[in-house]
1. Would you tally the net charge around Tyr109, using a Cβ to Cβ cut-off of less than 13 Å, leaving Tyr109 out, and scoring K and R as +1, D and E as -1?
2. With +1 on each Lys and Arg Cβ and -1 on each Asp and Glu Cβ, how big is the dipole of the range 35-143 about its Cα centre, in debye rounded to the nearest 20?
3. Read through the labelled values [x] 21.1, 67; [y] 19.4, 68; [z] 28.4, 114 and report the label of the one computed as Rg and Dmax of the Cα atoms in Å from the structure.
4. Sorted from fewest to most neighbouring beta carbons within 10 Å, what does the list Leu56, Leu116 look like?
5. Just subtract the alpha-carbon distance of Phe156 and Glu89 from 0.36 nm times their residue separation and send over the number in nm, one decimal.
6. For Ala7 and Tyr36 in the same chain, what is the full-extension length gain: residue separation times 0.36 nm, less their Cα-Cα distance, in nm?
7. Count the lysine pairs in the chain whose Cα atoms sit under 29 Å apart, keeping only pairs 8 or more residues apart in sequence or on different chains.
8. Net charge near Gly74, counting Lys/Arg +1 and Asp/Glu -1 over other residues with Cβ under 9 Å of its Cβ?
Amino acid sequence: MSNRMRAYIIASIVAFAAAAGWAGCGVKSPPIPPQYARPQKILDLHAVSEKPAIKLTWGRPDSYEGGATMRNLGLFMVMRSSGQSSYHEIGRVEVTDQTRFQQQRTFTYLDKGAVLGQSYSYEIIAMTIDGYKSQPSNEVTVVRSIPPPPPNPENFVVPTPAPLP
């Protein structure tokens, strides 16, 4: 093989490697600040005292704080405080539907450790698979109580309608 042919082959390999490296290597968009990569704050947290526990309900955040659509929501951290104490994590709700076409829109958590007569405050923090955490959700406060029993069918009286004028 001649020197000319060897130089041609080497030049071709170098050109191919440079083209492949340029096309497939690295990030092609500018980096974003970390605060834009965290989930939007949850604003619709609700709490209700039910017979077995305090039931928390909230909606799924759809986007990051930066505005882009979120596809990597990983879990929710349920935070609780009682009285003047600071918030601490009492549970997690895993999100496993990232690749599904129809994703879960509403999430629920039952706090079965709540004591009757005690007042509790709750917040939810969303976390991505990458570990970015949202700001704490709106705070809700509820007193753990037993709801009144439903009407007894044996004693229930059907109200009589008033005559029309």
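1. On the way: positive: Lys55, Arg80, Arg92, Lys112; negative: Glu50, Glu89, Glu94, Asp111, Glu123.
So the surrounding residues net to -1.
2. Values: 12 positive and 11 negative charges, 34 e Å.
In total the dipole reaches around 160 debye.
3. The listed entry that was calculated here is [z].
4. Details: Leu56 25, Leu116 9.
Sorted ascending by nearby Cβ count, the order is Leu116, Leu56.
5. Details: separation 67, 0.36 × 67 = 24.12 nm, distance 4.38 nm.
Stretched out fully, the Phe156 to Glu89 stretch lengthens by 19.7 nm.
6. Details: separation 29, 0.36 × 29 = 10.44 nm, distance 4.95 nm.
That works out to 5.5 nm of additional length.
7. For the chain, the number of qualifying lysine pairs is 9.
8. Details: positive: none; negative: Glu94, Asp130.
Residues close to Gly74 contribute a combined charge of -2.
No value in this document is a laboratory result; all are computed from the given coordinates. Bear in mind the structure is a predicted one, so any value in this text is a computation, not a measurement. Cβ: placed from backbone, ideal geometry, glycine included. Neighbour counts: every protein chain shown.
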